[in-house]
Amino acid sequence: MISRFKARSTGVPVLAAAAVPAGADSLTGTAAEAGKPAEPTEPPDPAALAAAKKAKRLRTARDAVGELLLVAALFLVYKFGRGLASGETGRAFDNAKEVLTLQKTLRLPDESVIQKWYIQSDWLVSAANQYYAYVHFPITVAFLLWLWIRHRDHYKWVRNLLAIMTGVALVIHILVPLAPPRMMPGFTDTGLEDGTSPYSGVGEKIANQYAAMPSLHFGWALVVALGVMAVWCNRDQFRRTGSKLIWLHPAITLLVVVVTANHYWLDAFVATLLLAMAMVIVPFPDRSPHAKLMRIVPRPRVPARY
């Protein structure tokens, strides 16, 4: 167009402008990139593709075996450490009395009153015992498997949070043995009564009965809720709703551990502190500590200036 205008204004024949081939730049005369035919690409080598897939499967299997061995080692260390603290019966009951006194001083709700009100319904107390015995560990394992398969970048972050929390909890269990409420006067061992207690039978021999503080039932439930929120908070509306509803899991767990008389309020509070400490140590997967959580927190309103 510009060449035609110049030709008319200077008297140059318009045919000079028409000499530029179609699809060329009218100013430079070079072929436009958009007009170039696509270069043929060589088909992928089937043998190379098969080798790459095999290498990926081997790498995934190797990583999975390594993670299983690591988790198993942490679990065995935790079980061994719990056994070291199982003989501190006298100290455990003395510490329990001090915890009950401290909670009364802090004016926290009396767990025994809540339990007596709750166990009036056989169905509710049975549901609480089932939740305590059969939901805590399976839902945590399923959550870790889900992260490993679908969200590998978040898996190590959650794994490290759980490892730090559990390791520090083990030290507290050894240094501060604590008898649970179900062993104290005024409380009922609901799990023992309906036969769902994980601390009877074989569990009585392998579990530390005096490791009430902190409550890993509640702490692990918090990690599950936090992990789901971190993965789903910025997705579609359905998953954003799920990232909020998942917080019912730690809320129900807190009610369950109190109703079944397995933990005190302060046990859950200490577990929350351990999670907060672990989150300071372990950054988010994007290497920007707490970035995703900060996007959820609404910004404070700045007062308008007149």
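The values are calculated or read from the model by the stated rules, or taken from the named source; none is laboratory data. All of these numbers come straight from a predicted model, not from anything done at the bench. Please note: Cβ atoms are built from the backbone with ideal geometry, for glycine as well, and neighbour counts cover all protein chains shown.
Search the range 99-127 for residues that are surrounded by 13 or more Cβ atoms within 10 Å (Cβ to Cβ) and in a helix (DSSP H, G or I) and pair each with any residue that is charged (D, E, K, R) and at pLDDT below 95 when their beta-carbon atoms are under 7 Å apart and the residues are at least 6 apart or on different chains.
Listed pairs, sorted by first residue: S126/D194.
Helices (runs of 4 or more DSSP H) wholly in the range 215-284 with at least 1 residues that are aromatic (F, W, Y) - which ones? Write out each step before concluding.
Working: elements: 216-232, 237-245, 248-259, 265-281.
Filter on the range 215-284 gives 216-232, 237-245, 265-281.
Considering only residues that are modelled with pLDDT under 95 and of a type in the set (G, A, S), look in the range 241-260 and name the one that is surrounded by the fewest Cβ atoms within 10 Å (Cβ to Cβ).
Of everything passing the filter in the range 241-260, G242 is surrounded by the fewest Cβ atoms within 10 Å (Cβ to Cβ).
When you scan the range 181-197, do you find a residue that is surrounded by 23 or more Cβ atoms within 10 Å (Cβ to Cβ) and not in a helix (DSSP H, G or I), even just one?
The answer is no, given that none of the residues of the range 181-197 is surrounded by 23 or more Cβ atoms within 10 Å (Cβ to Cβ) and not in a helix (DSSP H, G or I).
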